[in-house]
Amino acid sequence: MAEDRRGQRPSRGGSGAGRGGSTAGGRGGSSSRSGPRSDSRDSSTRGDARGASRSGEGRSASGRPTSGGKASGGKASGGKPTGGKRPERGQERSFRGRSEQAPRTVDQAAYDGPDLPEGITGAELDRGVRAQLKGLPEKLAARVARHLAAAGAFIDQDPELAYRHALAARARASRIAVVREAAGETAYAAGHYAEALSELRAAKRMNGATDYLPIMADCHRALGNPEQAIKLAKSPSVANFSAEAKAEMTLVEAGARRDMGQLDAALRTLELAPLTSNSRAPWVVRLRYAYADTLEAAGRESDALAWFHRTHAIDAEELTDAAQRADALERRQS
């Protein structure tokens with residue numbers, strides 16, 4: 001089911017998604033993205049799994065008259081001038097220059113992209129991202145770098161604008177994995193799930209990375225294909241993910257189970273995760289919250305109340321509404 005997952009990008013296995021100084025999805029970014037955030041319906045189990053070339057303006061060329069025909073401003077077959085007057089040299093060119101320009105096509109608009117903020121130079125990108133652009137001509141690489149940096153800068157505050165910057169980079173350098181990755185992550189942030197899935201698949205084919213699997217799985221969920229989300233969650237490569245990335249995939253899988261009405265299976269999936277970890281990291285908070293929310297959905301209100309309290313106890317950053325959920329349950333039970 002395609003719900004609004006804006007701002008709910010899962011961290012990826014491995015290095016994590018870059019933000020701000022990296023690309024929107026550049027590997028080797030300076031910090032990882034936060035995971036699922038609470039919403040009115042399914043905040044507990046929704047994983048925080050967070051080109052075209054410019055066509056020129058051609059000019060039509062008029063054909064020459066045949067040897068026996070007449071042309072305005074030309075000569076008849078007898079060699080005498082016709083009634084028309086040939087424009088002075090240069091006058092025809094000036095007339096043509098005053099003609100209105102044709103409106104930009106969709107591809108041209110995507111290629112041009114949004115205006116680049118003056119403060120963004122491309123130097124904000126991670127060194128590893130910049131290295132992938134070195135195969136491009138210098139000016140082209142600089143332009144692509146600026147669009148990628150802008151995508152990273154805007155992805156949280158204006159995901160749609162970030163996506164347009166990523167599309168402008170892709171239009172210029174569609175064969176570079178980090179560019180397709182940025183297009184995929186910004187598309188995901190903006191709610192364009194089919195496009196995100198396509199871009200991340202392309203990036204994975206180019207570099208073989210499995211970091212994108214949690215986001216790809218959540219895209220399948222959003223597109224109404226929970227079975228495909230579960231299939232990705234069972235990928236052998238997940239075993240090599242970091243603890244945080246494993247948690248994100250667990251959240252997506254549990255959410256997919258809930259989408260299919262399999263509450264017991266969703267609970268079992270979450271119970272295999274480190275719910276009792278001593279860590280106060282955001283991913284532990286989200287796991288506990290997801291477990292409490294699923295317990296309540298399954299009718300186990302007493303257990304849910306206990307886990308909402310356990311979630312609130314480590315949620316120093318107030319990533320969830322666990323305290324309010326606990327209060328609501330207590331009032332209902334009193």
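The values are calculated or read from the model by the stated rules, or taken from the named source; none is laboratory data. Note that the structure is a prediction, hence the values are computed from the model and not measured. Here the Cβ is made from the backbone with ideal geometry for all residues, glycine too, and neighbour counts use every protein chain on show.
Some observations on this one:
- Within segment 314-334, considering residues that are under 16 Å from ALA290 (Cβ atoms) and among the acidic types (Asp, Glu), the one surrounded by the most Cβ atoms within 10 Å (Cβ to Cβ): ASP315
- Where TYR111 falls short, out of the listed (1) over 21 Å from the mean Cα position of the chain (by Cα); (2) among the hydroxyl-bearing types (Ser, Thr, Tyr); (3) at pLDDT 75 or above: (1)
- Against the numbered list (1) surrounded by fewer than 21 Cβ atoms within 10 Å (Cβ to Cβ); (2) under 27 Å from the mean Cα position of the chain (by Cα), ALA298 comes up short only at (2).
- The helices (runs of 4 or more DSSP H) found entirely in segment 229-308 that carry 1 or more residues being touching a Gly at 6+ places or on another chain (Cβ under 6 Å) are 243-259, 282-297.
- Verdict on ASP293 being surrounded by 15 or more Cβ atoms within 10 Å (Cβ to Cβ) and not basic (Lys, Arg): yes
- Cβ pairs under 6 Å, 6+ apart, first in segment 311-334 and over 13 Å from GLU301 (Cβ atoms), second among the acidic types (Asp, Glu): ALA322/ASP315
- Among the conditions (1) surrounded by 22 or more Cβ atoms within 10 Å (Cβ to Cβ); (2) touching a Ser or Thr at 6+ places or on another chain (Cβ under 9 Å), LEU263 misses just one, which is (1).
- Any helices (runs of 4 or more DSSP H) falling wholly within segment 101-220 and containing at least 2 residues that are surrounded by 19 or more Cβ atoms within 10 Å (Cβ to Cβ) and either small (Gly, Ala, Ser) or on the phi > 0 side of the Ramachandran plot (or both): 138-154, 159-172, 177-189, 193-207
- Scanning segment 105-140 for residues that are in contact with a Gly (Cβ under 8 Å, 6 or more places away or on another chain) and among the hydrophobic types (A, V, I, L, M, F, W, C) yields ALA110, LEU125, VAL129.
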